[in-house]
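In what follows, a single structure is set out as structure tokens and then discussed.
The values are calculated or read from the model by the stated rules, or taken from the named source; none is laboratory data. Since the structure is predicted, the reported quantities are computational estimates derived from the model, not experimental observations. Glycine also receives a Cβ, built like all others from the backbone with ideal geometry; neighbour counts cover every protein chain displayed. The accessibility values were calculated without ligands, DNA or RNA, using every heavy atom of the protein model including side chains. Shrake-Rupley method; radii C 1.70, N 1.55, O 1.52, S 1.80 Å.
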Amino acid sequence: MVKPLVYLDNAATTQKPQYVIDKTNNYYEKMNANIHRGVHALSQEATEAFESSRIIIKNFINALGKNEIIFTRGTTESINLVASSYGRKNIKEGDEIIISTMEHHSNIVPWQMLCAEKNAKLRVIPVNDEGEIIFEEFEKLINEKTKFVSIVYASNSLGTVNPVKKIIDLAHSYNIPVMLDAAQAVNHLKIDVQQLDCDFLAFSGHKLYGPTGIGILYGKVNHLEAMPPYQGGGDMISKVTFEETTYNELPHKFEAGTPDIAGAIGLGAAIEYIEKIGLENIAYHENLLLEYATKAVSDLQGLRIIGTAKEKIGVLSFHFENVHPHDVGTFLDFEGVAIRTGHHCTQPLMRRFNVPATSRASFGMYNTIEEVDVLVNGLKKILEVFG
Ligand code: 7TS
């Protein structure tokens, strides 16, 4: 018998509301045309829909202007853009870049590549046994050689919400810019980039109930103005001759080529959808599920929760003493429960907690207490079989 799907892999990607799917389809069905180039009505309509999404996103994170909102393929590309463009221009031999132990590979590898190229050094803030950044260690790491800080706002593997405002304020007291990886934060926490005063912020559409292949880089206008383009091509230029090219104004300078137009429109729709429900209501609901699930699994024999920070998003990672996470994932799949097992693209963090991998349930706005019960009953069955 096919069991009803219990989808608890929202940190990997969320399911899409019908409203988002309809808005995306509507672009292909009713207004498919390339943007920023045609004088014809269809192209203008598509351009308007695409650019209205940019304004929705600007308002969503309270950026100062829409020229600070760059469409990318996702968090990964946004971080790579900053590492390549800002990083190559500003990081010199002997400089230091600070990240933390709980970073996703996409906030490690681009900085490592930059450090290798520039002979710079990557410094790493350790985390405590609860999975929280040790702030005093950050205070010790930061010095006159530090030239950039890039930190995850909320951890995909632990659920930890980091004290990013404190991190930004300290870094700024040394005049050091800070980038936030907000991939897991935007769908739980209200983000106000002006209040946070972060220099850059990245997130992906697909974790925010929007389409895959689209994401955002927010950057303060003064940084973006001073940065060289990331890729060359159409749309990012103002004038091209074989001798010389001058670049388009922001944000187009960083958007070479035809973008994911439908994706951008879908992301705008996803934000409209979320705002109708209210981010604080979503967070409240997910916190209830997290609390309920945490309490329910705490009684299971041999189960260790990885990530017990005081402030968390709806992510529950755990490790069974005698059962490999992949067996947990496969067994739960038979029960119709989708969770993720593995290192979650945070291998150094797995090493820190001395586990090869974890099993991770992550909650979205549509999950229910009954679904958490199905998960917990599945885990109990696993204990009966393997225990
Ligand atoms: N940063 C964090 C904190 C993430 O959780 C992810 C994706 C990324 C960056 C990269 O995002 P992308 O959209 O560019 O791929 N995290 C996960 C996850 O936890 N399971 O699958 C993808």
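Within the stretch 58-70, identify whether any single residue is more than 16 Å from the ligand (Cβ to nearest atom), of a type in the set (G, A, S) and within 27 Å of G364 (Cα to Cα), and answer yes or no. The answer is yes, given that some residue of the stretch 58-70 is more than 16 Å from the ligand (Cβ to nearest atom), of a type in the set (G, A, S) and within 27 Å of G364 (Cα to Cα).
Could you go through the stretch 372-383 and let me know if any residue there is open to solvent by 10 Å² or more (accessible area, probe 1.4 Å) and modelled with pLDDT under 95. Yes, because at least one residue in the stretch 372-383 is open to solvent by 10 Å² or more (accessible area, probe 1.4 Å) and modelled with pLDDT under 95.
Filtering the stretch 234-250 to residues that are part of a loop (DSSP other than H, G, I, E, B) and open to solvent by 80 Å² or more (accessible area, probe 1.4 Å) leaves F242, E243, E244, E249.
Just checking, does the stretch 106-115 include any residue being among the β-branched types (V, I, T), within 11 Å of the ligand (Cβ to nearest atom) and over 17 Å from S85 (Cβ atoms)? There is at least one residue in the stretch 106-115 that is among the β-branched types (V, I, T), within 11 Å of the ligand (Cβ to nearest atom) and over 17 Å from S85 (Cβ atoms).
Residues of the stretch 109-134 that are within 18 Å of L217 (Cβ to Cβ), open to solvent by less than 40 Å² (accessible area, probe 1.4 Å) and within 20 Å of the chain's Cα centre (by Cα): P110, W111.
For the residues A41, A33, the requirement of being among the hydrophobic types (A, V, I, L, M, F, W, C), surrounded by 14 or more Cβ atoms within 10 Å (Cβ to Cβ) and free of Cβ contacts under 8 Å to residues at least 40 places away in the same chain singles out A33. When you look at L189, is it surrounded by fewer than 20 Cβ atoms within 10 Å (Cβ to Cβ), within 30 Å of L8 (Cβ to Cβ) and in contact with a strand residue (DSSP E or B) (Cβ under 8 Å, 6 or more places away or on another chain), yes or no? The answer is yes for L189. Among residues of the stretch 151-163 that are surrounded by fewer than 24 Cβ atoms within 10 Å (Cβ to Cβ), those with a Cβ under 9 angstrom from a residue that is not in a loop (DSSP other than H, G, I, E, B), sequence gap 6+ or separate chain, pair up as V161/A154; V161/K312; P163/I133; P163/F135.
In summary, T212 fulfils each of the numbered conditions (1) under 13 Å from the mean Cα position of the chain (by Cα); (2) surrounded by fewer than 18 Cβ atoms within 10 Å (Cβ to Cβ); (3) at positive phi; (4) not basic (K, R) with the single exception of condition (3).
Condition check ((1) touching a strand residue (DSSP E or B) at 6+ places or on another chain (Cβ under 9 Å); (2) assigned by TED's automatic domain parsing to the domain that holds F71; (3) part of a helix (DSSP H, G or I)) across all residues:
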{"position": "I271", "(1), (2), (3)": "no, yes, yes"}
{"position": "L316", "(1), (2), (3)": "yes, no, no"}
{"position": "N322", "(1), (2), (3)": "no, no, no"}
{"position": "V328", "(1), (2), (3)": "yes, no, yes"}
{"position": "L332", "(1), (2), (3)": "yes, no, yes"}
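Residues in the stretch 11-50 that are assigned to a loop (DSSP other than H, G, I, E, B) and either charged (D, E, K, R) or in contact with an Asp or Glu (Cβ under 9 Å, 6 or more places away or on another chain) (or both): K16, M31, A33, I35, H36, R37.
Quick grid of which residues meet (1) of a type in the set (S, T, N, Q); (2) touching a Phe, Trp or Tyr at 6+ places or on another chain (Cβ under 9 Å); (3) open to solvent by less than 30 Å² (accessible area, probe 1.4 Å):
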| residue | (1), (2), (3) |
| --- | --- |
| H252 | no, no, no |
| P259 | no, yes, no |
| A262 | no, yes, yes |
| A269 | no, yes, yes |
| Y273 | no, yes, no |
| I277 | no, no, no |
| Y284 | no, no, no |
| D299 | no, no, no |
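Across the stretch 192-207, the qualifying residues are those that are within 19 Å of E280 (Cβ to Cβ) and buried (at least 24 other Cβ atoms within 10 Å of the Cβ), and the one among them that is nearest to the ligand (Cβ to nearest atom) is K207.
The set of residues in the stretch 351-372 that are in contact (Cβ under 8 Å) with a residue 40 or more places away in the chain and part of a helix (DSSP H, G or I) comprises R352, I369, E371, V372. Picking from residues in the stretch 139-150 that are away from the ligand (no atom under 16 Å from the Cβ) and under 27 Å from S204 (Cα atoms), the one that is surrounded by the fewest Cβ atoms within 10 Å (Cβ to Cβ) is K147. If the condition is being in a helix (DSSP H, G or I) and surrounded by 19 or more Cβ atoms within 10 Å (Cβ to Cβ), then the stretch 51-64 contributes S53, R54, I56, I57, K58, F60.
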